[in-house]
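Undergrad: First, the structure itself, so that you have it in front of you.
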Amino acid sequence: MELDNVVAQIEDAFGDTPPFTSADLASSDRDVLLRVFGDEGYQVYLQDQVNRQIIRDYLTNAMMLGFLPEQELFAIQAMLGSQESRASLSLHMLMNSVEQASELVANGGPPPLTPLEPDPGSPPHIRLIQS
């Protein structure tokens, strides 16, 4: 099975996207929205907002469940100042459980993101587990 097909199946399962607004939009309004939301700057902004939400939820859960002491939260807050660090942190948080939250402080943050460069002809790194 190809990853693109898996993503397409998940997207199809979501069903229709809820309407952006309940009001009818004039053609000029739609043009403005397409210009704003289609802009690369908006996409960067939107991704950063998603990263912020992931970090916020992860840290809140880790603290509420007792896996992250308040003094360690202050150390992590120092890591949140740039888009790149937020991207790295949110990816790390998506891939790790809240039980591992204090490791972020112990390790000085997540490891830096580096592009994957698979060898030509190498097998895929993703292994699907058959149920």
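The values are calculated or read from the model by the stated rules, or taken from the named source; none is laboratory data. This one's a predicted model, so the numbers in the text were calculated from it and none came from an experiment. Reconstructed Cβ throughout: ideal geometry from the backbone, glycine too, with neighbour counts over all protein chains shown. What goes into the accessible areas is simple: the full protein's heavy atoms, side chains included, and nothing from ligands, DNA or RNA. Shrake-Rupley method; radii C 1.70, N 1.55, O 1.52, S 1.80 Å.
Undergrad: Please state which of the following conditions Val44 fails to meet, knowing it meets all the rest: (1) within 30 Å of Ile76 (Cα to Cα); (2) without any contact (Cβ under 8 Å) to a residue 12 or more places away in the chain.
TA: Every listed condition holds for Val44 apart from (2).
Undergrad: Here's a follow-up. Being in contact with a helix residue (DSSP H, G or I) (Cβ under 6 Å, 6 or more places away or on another chain) and of a type in the set (S, T, N, Q) is the filter here, so list the residues in the stretch 70-88 that pass it.
TA: Across the stretch 70-88, the qualifying residue is only Gln83.
Undergrad: Now a separate question. When you scan the stretch 51-82, how many residues do you find that are among the aliphatic types (A, V, I, L, M), over 15 Å from Glu99 (Cα atoms) and outside any helix (DSSP H, G or I)?
TA: Residues in the stretch 51-82 being among the aliphatic types (A, V, I, L, M), over 15 Å from Glu99 (Cα atoms) and outside any helix (DSSP H, G or I): 3 in total.
Undergrad: Next up: Take the residues in the stretch 1-23 that are in a loop (DSSP other than H, G, I, E, B) and at pLDDT 85 or above, then tell me which one is surrounded by the fewest Cβ atoms within 10 Å (Cβ to Cβ). Before you say what the answer is, go through the steps one by one.
TA: Taking the stretch 1-23 first, the residues in a loop (DSSP other than H, G, I, E, B) are 1-2, 15-23.
After this cut, where a residue has to be at pLDDT 85 or above as well, the list is 15-16.
Numbers: Gly15: 7, Asp16: 5.
Top of the filtered list is Asp16.
Undergrad: Taking the stretch 55-69, which residues are in contact with a helix residue (DSSP H, G or I) (Cβ under 7 Å, 6 or more places away or on another chain) and open to solvent by 40 Å² or more (accessible area, probe 1.4 Å)?
TA: Within the stretch 55-69, Asn61, Met63, Leu65, Phe67 meet the criteria.
Undergrad: Those residues that are in a helix (DSSP H, G or I) and either in contact (Cβ under 8 Å) with a residue 12 or more places away in the chain or loosely packed, with under 10 Cβ neighbours inside 10 Å (or both), I need them from the stretch 24-41; list them, please.
TA: Ser27, Ser28, Leu33, Glu40, Gly41, listed by residue number.
Undergrad: Can you pull out the residues in the stretch 89-109 that are open to solvent by 30 Å² or more (accessible area, probe 1.4 Å) and either of a type outside the set (S, T, N, Q) or not in a helix (DSSP H, G or I) (or both)?
TA: Residues of the stretch 89-109 open to solvent by 30 Å² or more (accessible area, probe 1.4 Å): 91-92, 94-97, 99-100, 102-103, 105-108.
The answer is Leu91, His92, Leu94, Met95, Asn96, Ser97, Glu99, Glu103, Val105, Ala106, Asn107, Gly108.
Undergrad: Only one of Arg52, Arg86 is open to solvent by 70 Å² or more (accessible area, probe 1.4 Å), charged (D, E, K, R) and either at pLDDT 90 or above or within 17 Å of the chain's Cα centre (by Cα) (or both); which?
TA: Checking each option against the conditions leaves just Arg52.
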